[in-house]
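The values are calculated or read from the model by the stated rules, or taken from the named source; none is laboratory data. As the structure is a computational prediction, the values presented were derived from the model and not from experiment. No Cβ is skipped: glycine too gets one built from the backbone with ideal geometry, and neighbour counts run over all protein chains shown. Quick note on the areas: whole protein, heavy atoms, side chains included, nothing else; ligands and nucleic acids left out. Shrake-Rupley method; radii C 1.70, N 1.55, O 1.52, S 1.80 Å.
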Amino acid sequence: MIGSNYIPEKINEYNVYLDGTKMIGVASSHTLPEVNMQTSTVSGMGVNGEIDSPTLGQFEKLEQEIQFNTLYSSAVGMLNPMTALNLTFRAAQQVMDKSTGGGYAFKSLRIVEMGRVKKFKPGKVEKANSMEASITLELTYLLVEVDGVVIMEIDKLNQVYNVNGVDMLADVRSMT
């Protein structure tokens, strides 16, 4: 975990792996999926108005778009609807180390996503430019780990929701 002696600055470098194999030809940046809990509106006696109440452990769809510079076999191979995809993003986060008077250190970032393809955009063909092709995944699993410490884990198929090592659904599972 990035401690209080470090000031996080930027991603220095990263790679994307499909089932453990480094992918080549992906775009230079990726926007990670937005995580939104499902909510319902609570109102009634003792509540002045309405409260949008999150349902703990229940999430809206998690979508991940993977962009490619061009189409090639690994990219198109992701289209197989019979298999779930397992993507891992590994990055080196550059941080300023206050304990050394402002020197630099690096902390690891690992993001694991599993899901199925729900959309394919082949992109465009234009001389001297990337194709801007993309595949959109519907994720059922998302893990974010910083320096070896799991800070968030969502597994929609196995009732798992962990935040900073705390099982958010332990009580729910014990009652159902």
Quote the relative contact order of the stretch 1-90 in percent (integer), defining contacts as alpha-carbon pairs under 8 Å separated by 6+ residues. 37 percent
Can you list the residues of the stretch 117-159 with backbone N under 20 Å from a point 7 Å past the Cα of S99, pointing along Cα to Cβ? 146-150
Express in whole angstrom the spacing between the alpha-carbon centres of the stretch 111-130 and the stretch 1-73. 18 Å
In percent, what relative contact order does the stretch 73-123 have, based on Cα pairs under 8 Å that are 6 or more apart in sequence? 41 percent
Starting from the Cα gyration tensor of the stretch 1-86, multiply each eigenvalue by 5, take the square root, and state the resulting semi-axes largest first in whole Å. 37, 22, 11
Per the C-alpha gyration tensor (a ≥ b ≥ c, the square roots of its eigenvalues), the chain is rounded if a/c is under 1.5, else prolate if a/b beats b/c, else oblate; here it's oblate
Please get the size of the charge dipole for the stretch 1-140, origin at its Cα centre, with Cβ charges of +1 on Lys and Arg and -1 on Asp and Glu, quoted in debye to the nearest 20. 440 debye
Contour excess over end-to-end distance, with Cα ends at V150 and K124 and 0.36 nm allotted per residue: 5.5 nm
Under 5 Å between amide H atoms, partner at least 5 residues away or on a different chain: which partners does V160 have, H built in plane at 1.01 Å? D155
Can you run phi through the Karplus equation (6.51, -1.76, 1.60; θ = phi - 60°) for the stretch 89-105 and list ³J(HN,Hα) in whole Hz, with x for Gly and Pro? 9, 10, 9, 9, 8, 8, 10, 8, 9, 5, 5, 9, x, x, x, 9, 9
Would you mind checking the pairs K10/K156; K22/K121; K10/K127 and listing those with alpha carbons more than 25 angstrom apart? K10/K156; K10/K127
Approximate shape of the stretch 112-176 as ellipsoid semi-axes (Cα gyration tensor, √5λ), whole Å, largest first: 36, 16, 5
HN-Hα J in Hz across the stretch 41-52 - Karplus 6.51, -1.76, 1.60, θ = phi - 60°, x for Gly and Pro: 8, 10, 8, x, 4, x, 10, 7, x, 10, 10, 7
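More than 14 angstrom separation, counting every C-alpha pair in the stretch 73-155; what % is that?
Above the 14 Å cut-off, the stretch 73-155 has 72 percent of its Cα pairs.
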If I stretch the segment between E13 and N164 completely, what's the gain in nm (0.36 nm per residue apart, minus their alpha carbon distance), one decimal? 51.9 nm
In the Gaussian network model of the chain, springs joining C-alpha atoms below 10 Å, which of Y161, Y14, Y72 carries the largest mean-square fluctuation? Y72
Highest mean packing first, using Cβ neighbours within 10 angstrom, the peptides 119-131, 41-53 sort as 119-131, 41-53
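Could you check how much of the accessible area of the chain is carbon and sulfur, as a whole percent, using a 1.4 Å probe? Numbers along the way, then the final one.
Numbers: 5520 of 10750 Å².
Carbon with sulfur: 51 percent of the solvent-accessible area.
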For the stretch 1-63, dividing by residue count, accessible area per residue (probe 1.4 Å) in Å² works out to 72 Å²
Computed over the chain: relative contact order in percent, which uses C-alpha pairs under 8 Å that are six or more apart: 22 percent
Which one, S40, S108, S28, has the greatest fluctuation when you compute a Gaussian network model over the chain with C-alpha springs under 10 angstrom? S40
Within the under-13-Å Cβ sphere about Y104, not counting Y104, Lys/Arg +1 and Asp/Glu -1 give a net charge of +1
